[in-house]
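S.K.: Below: one structure in structure tokens.
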Amino acid sequence: MKIAFVSSEAVPYAKTGGLGDVAGVLPQALEHIGCEVKLFIPKYSSIDEEKHDLHYCWEIGAIPIRVANHTRPVYLHRATLPNSTVEVIFIDCPHYFHRGTIYSNAPDEDERYILFNKGVIEAMQRLHWAPDVIHCNDWPTGLLPLYLKDNYSWDSMFDKTATVFSIHNIGYQGKFSHAALFKGEIKSEYFYPGGPVEFQNSVSFMKTALSFSDVITTVSKTYAHEILTPEYGAGLDGILRQRQNDLYGILNGVDYSVWNPAVDRYLPFRYSHIDMAGKIKNKQFLLEHFNLPYNPDVPLIGIISRLVNQKGFDILAQTAESLMQFNAQWIILGNGEDNYEDFFVFLSQKYPYKVGAYIGFNNELSHLIEAGSDLFLMPSKYEPCGLNQIYSLKYGTVPVVRKTGGLADTVHDWDEYKSQGLDSGTGITFNDYSSAALYHSVQRALHVFWNKPVYQKIQQNGMAKDFSWERSAKEYLQIYKQTIKNTKSG
């Protein structure tokens with residue numbers, strides 16, 4: 001099966017969040033189960049051609065693509081995704097993509113991704129490569145399903161090509177002014193109140209994809225149900241309910257060749273479920289790095305996150321002073337909104353023996369926090385999938401999470417399962433989005449930590465879980481096959 005995987009970012013080339021991780025690994029997992037995959041991403045100026053061994057497609061040359069009534073030259077570059085034979089096709093247009101950041105607030109942000117969507121189709125035409133499925137990801141790829149069904153419907157090459165659109169975070173929708181219709185050569189008949197491209201009197205790339213794609217997926221089963229509701233649907237719950245028979249939740253996987261304490265190259269001390277001694281040494285090393293005292297009876301709670309409301313830091317801030325009264329230590333890594341950055345710096349200064357804060361991004365430190373912490377806190381308001389709670393399970397770091405989205409699908413509450421006569425719980429969860437619920441869940445987690453036989457059982461349960469990409473890829477393959485079958489029968 002031929003799969004075109006289209007994304008605005010992918011590791012190791014460009015990344016701002018979880019989408020980049022998915023786009024860098026899922027194509028490899030699909031390849032491993034027998035698919036022929038090509039990955040399409042923009043060629044941002046930040047991508048190092050020499051480091052990633054990019055090659056210009058001389059045989060194709062410049063491709064003229066019209067956006068906003070201007071014809072721009074687009075160039076193709078090739079590379080191979082590391083540790084695979086997946087071919088990466090870079091869509092290069094210096095006018096739009098040679099900027100300081102991946103995304104921008106520039107007035108022509110819509111034009112940038114209009115060009116990218118057209119560029120992907122034009123690239124496939126010139127490569128004479130017709131995929132069975134085009135897998136689009138989030139709003140920057142949202143026009144592709146429409147373009148295939150309309151603007152490029154004249155090309156019989158794509159007659160049997162199905163489209164799958166994945167929602168990684170429905171809060172980011174790619175909304176632009178009416179001018180985007182003209183810029184993208186989108187028929188005005190699609191734009192009317194409640195129409196397939198209109199949302200809140202704007203042109204929404206996300207809604208366009210929801211309207212025209214053959215199948216819609218999102219990154220966890222619980223999130224697939226949540227986005228059908230006004231509370232979590234970000235205004236698009238109506239169209240999602242109309243398409244709910246075509247909506248599937250597939251949990252993201254993790255790369256255990258990178259996130260595994262037995263092989264983690266960033267850890268000073270490696271360990272496994274058989275021998276946990278290295279975990280204690282990592283904790284000592286981490287605490288020393290933050291000038292915090294080590295005491296085996298004092299639990300260390302880790303947080304790695306974007307510091308924004310979505311991640312639950314409003315309710316954490318409300319109960320922070322109460323949490324500081326517990327006999328526990330905290331280490332926070334992240335950046336985001338100024339008020340939360342300042343808040344955690346303030347806590348580290350007020351409680352220098354309890355709190356360590358690193359404001360920024362540090363990949364090596366993120367691995368060490370996962371390994372060195374005893375508990376890991378994720379009190380998210382909503383969480384489409386989440387990855388850190390899955391990392392925590394593998395690292396024997398008991399997750400404390402709010403029961404939403406992918407957190408609900410991956411962390412099973414110890415007490416809840418115990419009440420059912422099961423001893424297979426993997427963490428501590430809470431339902432209500434409130435500071436009181438957060439406080440009591442942390443309190444419960446601390447009591448678990450001090451009950452060593454129970455804590456160690458939860459650790460072992462979590463470390464035995466398998467959330468590999470191979471499992472996710474097999475689910476996607478089934479969706480692809482069903483989508484192709486439906487497209488042909490339709």
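S.K.: Identify, from the list GLY278, GLY253, GLY249, the residue that is buried (at least 17 other Cβ atoms within 10 Å of the Cβ), touching a Phe, Trp or Tyr at 6+ places or on another chain (Cβ under 8 Å), modelled with pLDDT of 95 or more and closer than 30 Å to TYR480 by Cα.
M.R.: Criteria check complete, one pass: GLY249.
S.K.: Quick one: which residue in LEU307, LEU316 is touching a helix residue (DSSP H, G or I) at 6+ places or on another chain (Cβ under 6 Å) and of a type in the set (A, V, I, L, M, F, W, C)?
M.R.: Values: LEU316 fails: touching a helix residue (DSSP H, G or I) at 6+ places or on another chain (Cβ under 6 Å).
Result of the check over LEU307, LEU316: LEU307.
S.K.: Go through (1) among the acidic types (Asp, Glu); (2) part of a helix (DSSP H, G or I); (3) in the same structural domain as LEU286 (by TED's automatic domain parsing) one by one and return the number of the condition ASP432 breaks.
M.R.: (2)
S.K.: Among the residues that make up the stretch 421-437, is at least one of them at pLDDT below 95 and charged (D, E, K, R)?
M.R.: yes
S.K.: Given the criterion crowded, with 24+ Cβ neighbours inside 10 Å and of a type outside the set (A, V, I, L, M), identify the matching residue among ASP159, ASP150, ASP138, ASP132. Can you show your working first?
M.R.: Working: ASP159 fails: crowded, with 24+ Cβ neighbours inside 10 Å; ASP150 fails: crowded, with 24+ Cβ neighbours inside 10 Å; ASP132 fails: crowded, with 24+ Cβ neighbours inside 10 Å.
Every option except ASP138 fails the conditions.
S.K.: If you don't mind, another one. Just to be sure, is GLU470 assigned to a helix (DSSP H, G or I) and modelled with pLDDT under 95?
M.R.: Working: assigned to a helix (DSSP H, G or I): yes; modelled with pLDDT under 95: yes.
When the stated conditions are applied, GLU470 passes them.
S.K.: Working carefully through the options TYR480, TYR476, find the one that is under 21 Å from ASP255 (Cα atoms) and not assigned by TED's automatic domain parsing to the domain that holds PRO296. Give the steps one after another, and end with the answer.
M.R.: Details: TYR480 fails: under 21 Å from ASP255 (Cα atoms).
On inspection, the qualifying residue turns out to be TYR476.
S.K.: If you don't mind, there's one more thing I want to ask. From (1) in contact with a Pro (Cβ under 9 Å, 6 or more places away or on another chain); (2) modelled with pLDDT of 95 or more, pick out the condition that doesn't hold for ILE114.
M.R.: The one condition ILE114 does not meet is (1).
Every residue, every condition in (1) touching a strand residue (DSSP E or B) at 6+ places or on another chain (Cβ under 6 Å); (2) more than 30 Å from LEU26 (Cβ to Cβ); (3) free of Cβ contacts under 8 Å to residues at least 40 places away in the same chain, yes or no:
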position	(1), (2), (3)
LYS403	yes, no, yes
ALA408	no, no, no
VAL411	yes, no, yes
THR426	no, no, yes
ASP432	no, yes, yes
LYS452	no, yes, yes
ILE484	yes, no, no
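S.K.: While we're on this one: Can you tell me which residue is nearest to SER434 (Cα to Cα) among those in the stretch 268-309 that are outside any strand (DSSP E or B) and within 24 Å of the chain's Cα centre (by Cα)? Lay out the reasoning, then the answer.
M.R.: To start, the set of residues in the stretch 268-309 that are outside any strand (DSSP E or B) comprises 268-299, 308-309.
Pick out the ones that are also within 24 Å of the chain's Cα centre (by Cα) and you get 308-309.
Values: VAL308: 16, ASN309: 13 Å.
The residue in question is ASN309.
S.K.: Taking the stretch 22-60 as the region of interest, how many residues are among the charged types (D, E, K, R), part of a loop (DSSP other than H, G, I, E, B) and surrounded by 16 or more Cβ atoms within 10 Å (Cβ to Cβ)? Full working, then the answer.
M.R.: Filtering the stretch 22-60 for residues among the charged types (D, E, K, R) gives 31, 36, 38, 43, 48-51, 53, 59.
Now drop any that are not part of a loop (DSSP other than H, G, I, E, B), which leaves 43, 48-51, 53, 59.
So of that shortlist, the ones also surrounded by 16 or more Cβ atoms within 10 Å (Cβ to Cβ) come out as 43.
Adding up the residues that qualify gives 1.
The values are calculated or read from the model by the stated rules, or taken from the named source; none is laboratory data. These numbers were taken from a predicted model, which means no experiment stands behind them. Using ideal geometry, Cβ is built from the backbone for each residue, glycine included, and neighbour counts are taken over all protein chains shown.
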